[in-house]
Amino acid sequence: MDLFFIIGLISSIIVAFLITLKWLNKGMNPLYERVLNHLIRKYLDERYFTVHKLADELNITEDTLRRILKTLEARRIVAFIPHKKQYALLDPLVFLTPKDYARALRITKDDNILYGAYEAPYRVDILYILIQLIFILVPLLAFFAQVLNMIDLSPYLTRIFPNARPEVILLFFLGMGIILADAVNNVIKGYTREKMSVVVGALSGISYDKHFADELSGRLPRKDLKSVDIRLSLLQKIHNYFGEIPVGDIIVEYRGGKKPEVFRSMPFPRELFYVIRSIMLGHLEWRKRHAETISKWKAGSLPTVPMGRRSRRGR
């Protein structure tokens with residue numbers, strides 16, 4: 001019975017992995033991609049549009065277009081701006097929530113936001129990684145130890161659930177561990193979104209949060225920027241090799257500053273480096289060249305886990 005149980009479990013894991021891989025590599029619906037391509041070509045600089053205007057340009061019904069825009073809004077390709085009562089195409093490197101994007105527009109006086117994201121130092125924090133591993137690996141190892149008769153945990157488990165099999169109890173603990181790990185992850189993400197926003201505007205320069213629930217009080221005007229550099233730690237390099245979203249530290253030197261400003265573990269650090277260099281030099285063509293690729297990655301039109309050779313986009 002135990003042998004069949006193990007074979008069934010391993011088979012289920014393999015099937016789930018293959019289904020997930022297929023889902024990650026699926027392309028976008030052709031109609032969705034048509035709308036996305038049109039937005040990138042026409043509204044990268046104009047940004048604002050209405051459903052009625054876009055439906056006329058694409059010759060599709062407004063109801064169909066609203067469904068597509070709802071999906072693109074969930075993937076942070078577009079955002080509805082309440083005070084303008086219009087939609088806006090987010091720049092490809094904007095990963096802010098709609099609330100934070102509207103805040104950034106207000107504070108920068110409706111500047112063209114070229115980059116917007118949150119510092120993510122927790123991604124390479126040893127304590128964070130250990131907590132995630134403990135929640136999942138401990139029940140997982142206990143499960144295999146019980147199934148393979150390496151350790152008999154039955155006397156302890158049956159005290160908690162007298163009428164359940166030990167393997168089922170350990171699977172329940174594994175599921176709870178996954179839920180707890182996800183809950184901790186969401187709490188940390190929520191905290192960073194309230195404290196660690198970084199926004200780069202075409203004219204306003206770099207704006208960032210200094211304190212919890214800040215209003216982007218940190219400002220580095222474009223005219224004061226002196227130099228920008230990237231720093232990658234060993235943990236960040238390991239994370240970038242295995243993860244799909246690269247992170248790295250961005251060091252910005254500015255006039256009047258005794259020490260440079262460091263933004264830790266920023267998503268797509270090389271792209272952020274080029275964005276900052278672009279506004280320093282007043283040359284934004286780099287952003288337009290890569291807009292389609294990055295936007296399609298965000299929308300799911302390009303696979304984030306390609307089959308075969310590993311992609312190096314964004315590295």
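Quantify how much of the Cα-Cα distance distribution of segment 58-130 extends past 14 Å, in percent. That tail contains 66 percent of the Cα-Cα pairs.
Using a cut-off of 13 Å between beta-carbons, work out the net charge of the residues near V124 (Lys and Arg +1, Asp and Glu -1, V124 not included). It would help to have the intermediate numbers written out before the result.
On the way: positive: R123, R231, K237, R264; negative: E119, D125, D249.
Taking every Cβ under 13 Å from that of V124, the sum is +1.
Surface listing: T97, T50 arranged by accessible area from highest to lowest gives T50, T97, probe 1.4 Å.
All distinct Cα pairs of segment 91-192 go into the 1/r average, and the inverse of that average, the Kirkwood radius, is 16.9 Å.
Hey, what's segment 64-193 come to in accessible area per residue, 1.4 Å probe, Å²?
I get 54 Å² per residue for this part.
Taking Cα centroids, how far is segment 108-180 from segment 194-219 in Å? Answer, in whole Å: 34.
Residues M266, M176, M196, M150 ordered from highest to lowest accessible area at a 1.4 Å probe: M150, M176, M196, M266. A 1.4 Å probe, protein heavy atoms only, puts the accessible area of R123 near 70 Å². By the rule of a C-alpha distance below 17 Å, with chain neighbours fewer than 8 residues away ignored, the aspartates and glutamates paired with K84 are D45, E46, E73, D100, D110, D111.
The values are calculated or read from the model by the stated rules, or taken from the named source; none is laboratory data. Note that the structure is predicted; figures quoted are calculated from it, not measured. Note: ideal-geometry Cβ built from the backbone for every residue, glycine included; neighbour counts use all protein chains shown. SASA here: full protein model, heavy atoms, side chains in, ligands and nucleic acids out. Shrake-Rupley method; radii C 1.70, N 1.55, O 1.52, S 1.80 Å.
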